[in-house]
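Engineer: Here it is: the structure, laid out below.
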Amino acid sequence: RLDKGLLDFGILLGDIDKTKYCYLELPMKDTWGVLMRRSSPLAEKDSIAPQDLWDKPLILSRQMIHFPNFLQWIQKPLSELQISATYNLAYNASLMADENMGYVLTLDKLINTGGDSSLCFRPLTPDITLGMSLVWKRYAALSKAAEFFLAQLRAAIS
């Protein structure tokens with residue numbers, strides 16, 4: 001929608017095509033970790049190391065399979081991991097974790113793990129974080145409202 005001119009702005013995670021978009025780096029980061037049942041033995045840990053997952057059934061996002069930082073972090077080829085499922089919606093993956101089908105690698109705060117939830121989240125160690133950027137199409141004429149928004153956001157970040 002951004003490329004077609006239907007949206008003025010988008011928020012992208014991780015690397016962006018700086019030749020295609022103008023961008024403003026946002027001050028927040030997303031953290032990768034593992035979503036699992038609170039009753040899981042790994043839930044007792046403060047963070048999850050690669051070797052903790054080598055023999056566990058994994059539920060990976062379709063994007064993560066091609067994410068170079070994950071492949072470097074896990075220190076194993078995908079063919080040696082037990083990938084039990086892939087997902088494109090974190091909510092669907094949370095249902096699989098709740099049914100004890102595996103350990104979901106996901107971003108923090110996508111699924112509510114507070115209160116009486118049977119699920120918990122543990123960050124990866126060493127950590128993998130993704131930066132966020134507000135992007136807009138290069139060479140696109142911004143409306144006055146979009147220019148005002150961008151100016152206000154820049155001022156708030158500085």
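Engineer: Say we join alpha carbon atoms closer than 10 Å with springs in a Gaussian network model of the chain; which of Lys20, Lys45, Lys76 then has the biggest fluctuation?
Structural biologist: Judging by the Gaussian network model, the answer is Lys20.
Engineer: Related question: Looking at the chain only, what percent of DSSP beta bridges run antiparallel? Nearest 5 please.
Structural biologist: Here the antiparallel bridges make up roughly 70 percent for the chain.
Engineer: In whole percent, what relative contact order does the chain give with Cα contacts below 8 Å and a gap of six or more residues?
Structural biologist: 43 percent
Engineer: Take Trp54, Trp136 and sort them by solvent-accessible surface of the protein heavy atoms, 1.4 Å probe, largest at the top.
Structural biologist: Trp54, Trp136
Engineer: Let me ask something else. Run the helix sum for the chain: -39,500 (n - 2.57) per DSSP H stretch of 4+ residues, divided by residue count, reported at 222 nm to the nearest 500 deg cm²/dmol.
Structural biologist: Helices in the chain give a 222 nm mean residue ellipticity of -6000 deg cm²/dmol.
Engineer: Net charge within 10 Å of Trp54 by Cβ-Cβ distance, Lys/Arg positive one each and Asp/Glu negative one each, not counting Trp54 itself?
Structural biologist: For residues surrounding Trp54, the net value is -1.
Engineer: For the stretch 72-158, report the accessible area per residue in Å² (1.4 Å probe, heavy atoms, rounded to an integer).
Structural biologist: Values: 5230 Å² over 87 residues.
That works out to 60 Å² for each residue.
Engineer: Quick check: residue separation of Thr86 and Arg38 times 0.36 nm, minus the Cα distance between them. What number comes out in nm?
Structural biologist: 15.2 nm
Engineer: Determine the sum of side-chain charges near Ser143: Lys and Arg each +1, Asp and Glu each -1, restricted to other residues whose C-beta is under 15 angstrom from that of Ser143.
Structural biologist: Local charge sum for Ser143: 0.
Engineer: Moving to a separate point now. If the limit is 21 Å between Cα atoms, which of Lys29/Lys109; Lys4/Lys137; Lys109/Lys137; Lys56/Lys76 go over it? It would help to have the intermediate numbers written out before the result.
Structural biologist: Working: Lys29/Lys109 11 Å; Lys4/Lys137 9 Å; Lys109/Lys137 28 Å; Lys56/Lys76 13 Å.
The answer is Lys109/Lys137.
Engineer: In whole percent, how big is the carbon plus sulfur part of the accessible area of the stretch 64-103, probe 1.4 Å, protein atoms only?
Structural biologist: Ligands and nucleic acids excluded, carbon and sulfur reach 51 percent.
The values are calculated or read from the model by the stated rules, or taken from the named source; none is laboratory data. Source: prediction; values computed, not measured. Cβ coordinates were reconstructed from backbone atoms using ideal geometry, including for glycine residues, and neighbour counts include every protein chain displayed. Just the protein is used for accessible areas: all its heavy atoms, side chains included, with ligands, DNA and RNA removed. Shrake-Rupley method; radii C 1.70, N 1.55, O 1.52, S 1.80 Å.
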